[in-house]
Amino acid sequence: MTKTAARLLVDCLVEQGASRAFTVPGESFLPVLDALSDCDAIQTITCRQEGGVAFMACADGAMTGQPGIAFVTRGPGATNASIGVHVAMQDSQPMILFIGDVDRSMRDREGFQEIDFPAFFAPIAKWSARIDDATRIPEYIARAWSTAVSGRPGPVVLALPEDMLHEDGIASPVRPAVVRPAQAPCPDVMATMMQMIGDAAAPLAIVGGAGWNARTRHYFTEFAERIGLPVATAFRRQDAISPASKVYAGNLGYGPNPRLSQRVKDADLLLVVGARLGEATTDGYALVTPDHPDQQLIHVHPDPAELNSVYRADLSVCADTAEFAESAALWDDGDVIDFDCGAQAHAEWLEWNTPRDRAQFDFDLALAMATCRRLLPADAIICNGAGNFAGWWHRYWPYAGFPSQLAPTAGAMGYGVPAGVAAALRYPDRCVVAAAGDGDFLMNGQELATAAQYGMDLLVIVFDNSTYGTIRMHQEREYPGREASTHLANPDFAMMAQSFGGWGLRVENNPGFDSALEEAMDRKGIRLLHCITDVEQLSAAGATISGLRER
């Protein structure tokens, strides 16, 4: 049977397994919107800004392991969405962004909102292209899906000329669904790795990243606990292993436990699985240097292009992380490996992770996190953007479930609320928390309208210190006492939530927070706590304005 190009495109997405698409509608892809409107297999979510659309697609890809799907219009729509493409690339998240484009006959005239999208997105996407021939739609969709999920997952961008989408009588059949290839590790490589680990005196694993899933988490935890191997998670990959595991050593990134940082420096062998060892995880490539003298590195990653690209590896293992983890868990060559450093590292983590019991501020964020641990389910999905406020969650929250952490390793502000919307859609029976700072929240707070439109349960906690806190911290380090451009005049966020039909409450101290969170947990729908905090309380690692100035 023949069909329109737009219908063929939607049918191809259905065949690949797409179940949800996020969009801000545009006239450049009206035929696709029409085809989606009567497609029962794909739920279309209308959003309020293309940045929110792309962040939702990022988060959906992170949760499912399948490409998050986004549709936006050309020019302003595409450039708004580019932030999500960048995040998907740096976070190794599968995503496909479709962009309505100018007619083919109008190209290269700088028509209305025209951009050369393959060129524009090439530096921040795994693949970017334009579908000029409607008969090749099945080929492009299958290749886009395969590219997004293979090796190191990431974003693909496809431009859709408006006139191409209107073509009718297309007879091309859809292509079969793409399955992510499962690359098993070589047994000889596994034997070498186990010998290296067995010969080590102070080994440490750093995990989380490309292709990590619940199966990987299960088997790697089993492997690490069996041999007593301490496990640290890469930046914002804290749900890669349960923090309750007896070998969990804590998380790397900004403001880590100093004892964990020292343990990384003292390790004579690092087993890195899934992680890229990016700037945040390695503290500017200083905690672990690219050449890591006096330290062996075993690097396991599903993409051969990532291995030895930045870090010299003593042993490179190109394998699917789940296949690798299962092989490691089931490995038995008769040798017994048993370290006590895993239990020691976990004890250090528990000490670091335990909130203090006495307030140091009128609204002490460490005590607030203790309240969250008491009142929120341990498997709650915590969604946050960028800012120092996130440090309290990273340090004190137990990311017990999988997935339970949606946070951009790319450090993009405004990710939390859109990610919370995507999580509430994907897991309607789980508690979803969008955690935000005041600056972070207003980057994409408009997506509360999306949450309201689709009747979602979403808890939003906004920490408001009336400043861009991370920048203020750096400012006080470099220019003590000279605040510039970081002060913020904020609205009443609680009333803002109420304007979307939700419930909101302003709180200014810990007793008020405790009672407000209790009430919020008894309610449904959008619930927002507007938490007024002191700017003096700059970071979860203990930095204060006065302390930075004295230093």
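The values are calculated or read from the model by the stated rules, or taken from the named source; none is laboratory data. Since the structure is predicted, the reported quantities are computational estimates derived from the model, not experimental observations. Cβ: placed from backbone, ideal geometry, glycine included. Neighbour counts: every protein chain shown. The area values use the complete protein model at the heavy-atom level, side chains included, leaving out ligands, DNA and RNA. Shrake-Rupley method; radii C 1.70, N 1.55, O 1.52, S 1.80 Å.
Compared with the direct C-alpha span, the chain from Asp199 to Gln43 gains 50.9 nm at full extension, assuming 0.36 nm per residue. Residues Tyr311, Tyr454, sorted by accessible area with the largest first, give Tyr454, Tyr311 [1.4 Å probe; ligands and nucleic acids excluded]. Shown for the chain: the carbon plus sulfur share of the solvent-accessible area, taken with all protein chains present and a 1.4 angstrom probe, equals 49%.
What is the sum of charges around Ala436, taking Lys and Arg as +1, Asp and Glu as -1, for the other residues whose C-beta is under 14 Å from the C-beta of Ala436? Around Ala436, the surrounding residues sum to -3. Distance between the pseudo-spin-label points of Asp132 and Thr289 (7 Å out from Cα toward the beta carbon): 5.0 nm.
Modelled this way, with points 7 Å down the Cα-to-C-beta line, the labels at Lys265 and Lys524 are 5.4 nm from one another.
Near the amide H of Gly68, within less than 5 Å, lie the amide hydrogens of Gly61, Met95, Ile96, all on another chain or at least 5 residues away, with H placed in the peptide plane.
Rounded to the nearest 10 square angstrom, Tyr219 shows an accessible area of 50 square angstrom against a 1.4 Å probe. Spin-label model, Leu375/Asp188: points 7 Å from Cα along the beta carbon direction are separated by 6.0 nm.
DSSP finds beta bridges in the chain, and of those with both partners inside it, around 5 percent are antiparallel.
Classify the stretch 55-128: rounded, prolate or oblate, from the alpha-carbon gyration tensor (a ≥ b ≥ c, eigenvalue square roots; a/c under 1.5 rounded; otherwise prolate if a/b is larger than b/c)?
Numbers: a/c = 2.60, a/b = 2.17, b/c = 1.19.
Because a/c hits 1.5 or more and a/b exceeds b/c, the stretch 55-128 counts as prolate.
What separates the Cα centres of the stretch 152-170 and the stretch 81-145 is a distance of 8 Å. In the chain, helices alone account for a calculated mean residue ellipticity at 222 nm of -11000 deg cm²/dmol, with every DSSP H run of four or more residues adding -39,500 (n - 2.57).
Going by the alpha-carbon gyration tensor, a ≥ b ≥ c the square roots of its eigenvalues, is the stretch 318-357 rounded (a/c under 1.5) or, if a/c is not under 1.5, prolate (a/b greater than b/c) versus oblate? Before the final figure, lay out each step's value.
Numbers: a/c = 4.98, a/b = 1.90, b/c = 2.62.
Oblate, because a/c is 1.5 or more while a/b does not exceed b/c.
Among (i) 23.9, 75; (ii) 27.0, 87; (iii) 23.8, 72, which one is Rg and Dmax of the Cα atoms in Å computed from these coordinates? Given (i) 23.9, 75; (ii) 27.0, 87; (iii) 23.8, 72, the calculated one carries the label (i). Between Arg477 and Arg215, the FRET efficiency from the beta-carbon distance, with R0 = 51 Å, is close to 0.75.
Inter-part distance, the stretch 227-249 to the stretch 284-348, computed on C-alpha centroids, equals 13 Å.
With a Förster radius of 45 Å applied to the beta-carbon distance between Glu550 and Ala305, the computed FRET efficiency rounds to 0.45.
Excluding Arg263 itself, calculate the net charge of residues whose Cβ lies under 14 Å from the Cβ of Arg263, where each Lys or Arg counts +1 and each Asp or Glu counts -1. Once positives and negatives cancel, what remains is -4. For Glu478, the accessible surface of its heavy atoms amounts to roughly 130 Å² (probe 1.4 Å, protein chains only, rounded to the nearest 10).
Across Ile69, Ile532, the residue with the most accessible area heads the list, and the full order at a 1.4 Å probe is Ile532, Ile69. Taking 0.36 nm per residue of separation and subtracting the current Cα-Cα distance, fully stretching the chain between Met106 and Ala400 would add 100.5 nm. Residue separation of Asp116 and Asp457 scaled by 0.36 nm, minus their Cα-Cα distance, works out to 118.8 nm of gained length. A 1.4 Å probe run over the protein chains yields, for the chain, 38 Å² of accessible area per residue, whole-number rounding. Counting only protein chain heavy atoms and rolling a 1.4 Å probe, the accessible areas of Asp379, Asp188 rank, largest first, as Asp188, Asp379.
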